[in-house]
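Reviewing the structure listed below.
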Amino acid sequence: PEANLSGVHCEILREALKLTYNSFQMGERKSLEFGGDFSPHPIWEDVLSQIPVSCNNLEQSGSFKLTTEKDDLVRWTLPLNSSGQYGSIFSKHESSVVENNDRILVYDLDGITDSTLKQLAAMMAFMKISRDFRKLGNGVRKEIKIEEFGMFLIGDARVQEINTHFVQNIVKTCAKYGAKVTTITNNVDDYAVKDGGKTIGENATHKIFLPL
């Protein structure tokens, strides 16, 4: 409640967040290249460690000494640390322990009327699903069903390019984690004409066409 965020405080935080995610992406690339483990996302303590670097960068760019602002941010964000009140949310990764493998997880996007927002929500859902697949390991049977697959096949040429790349990522991710993927659509042309649909059609081991 006593925090009074100034523009300087916000600039320090923005720079620290940028540094944190740049560092995370570099570490992720190296881990993928050399086969090591990596955390699924940064946590607050990663950001906190970048605040002094952020202040130093801003000071070198011509700002005044930022010692007071740095100390403010460290003090105000104590509840976000691992031992703080909100540490379980901001400073810990999700548990990798799976209590029950026999489960069904449903993301229902029917309530989203905007097509672009629905596409983004579906992409975010798949990112979460792929992280769940990674935790389960290759020995566990996994299946993902995508109803209304046609929502990934609409939009202008640029959107289609992004969607096709995303569909290719779905195929590669499911193959990597030994998961079966089923897509459902009402239009045969979705598989015969659209590039994203062709990706599914070319990789599918089974195809079923049913009358409406």
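The values are calculated or read from the model by the stated rules, or taken from the named source; none is laboratory data. Please read all numbers here as calculations on a predicted model, not as lab measurements. So basically every Cβ, Gly included, is an ideal-geometry build from the backbone, and we count neighbours across all protein chains shown. What goes into the accessible areas is simple: the full protein's heavy atoms, side chains included, and nothing from ligands, DNA or RNA. Shrake-Rupley method; radii C 1.70, N 1.55, O 1.52, S 1.80 Å.
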So how much accessible area does Met151 have, in Å² to the nearest 10, using a 1.4 Å probe?
30
Leaving out ligands, DNA and RNA, what percent of the accessible area of the chain is carbon and sulfur, probe 1.4 Å?
54
In degrees, nearest 10, range 0 to 90: what is the angle between the Cα axis of helix 44-60 and the longest Cα principal axis of the chain?
60
So the number of lysine pairs in region 158-208 with alpha-carbon atoms under 19 angstrom apart, 8 or more residues apart or on different chains, is 8
Dipole of the chain, positive direction: furthest Cα of Asn169, Val8, Trp76, with charges on the beta-carbon
Asn169
For region 201-212, in order, what is each residue's ³J(HN,Hα) by Karplus, 6.51 cos²θ - 1.76 cosθ + 1.60 with θ = phi - 60°, in whole Hz (x at glycine and Pro)?
x, 6, 9, 6, 8, 9, 10, 10, 10, 10, x, 5
Where nothing but the Cβ of Lys and Arg (+1) and of Asp and Glu (-1) is charged, how large is the charge dipole of the chain around its Cα centre, in debye to the nearest 20?
660
Å² per residue, accessible surface of region 34-172 at 1.4 Å:
66
Of Ile89, Ile184, Val106, which is farthest towards the positive pole of the chain's charge dipole, taken about the Cα centre with +1 and -1 on the beta-carbons of Lys, Arg and Asp, Glu respectively?
Ile184
Candidates for Cα extents along the principal axes in Å are (i) 51, 39, 28; (ii) 70, 41, 37; (iii) 54, 43, 28, and the calculated one carries label (ii)
Pulled fully out, how much extra length does the chain show between Arg131 and Val171, if you take 0.36 nm times their separation in residues and subtract their Cα-Cα distance?
12.9 nm
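Tell me, what is the percent relative contact order of the chain, built from C-alpha pairs under 8 Å that lie six or more residues apart? Before the final figure, lay out the partial values.
Values: 181 pairs, mean separation 29.7, N = 212.
The value is 14 percent.
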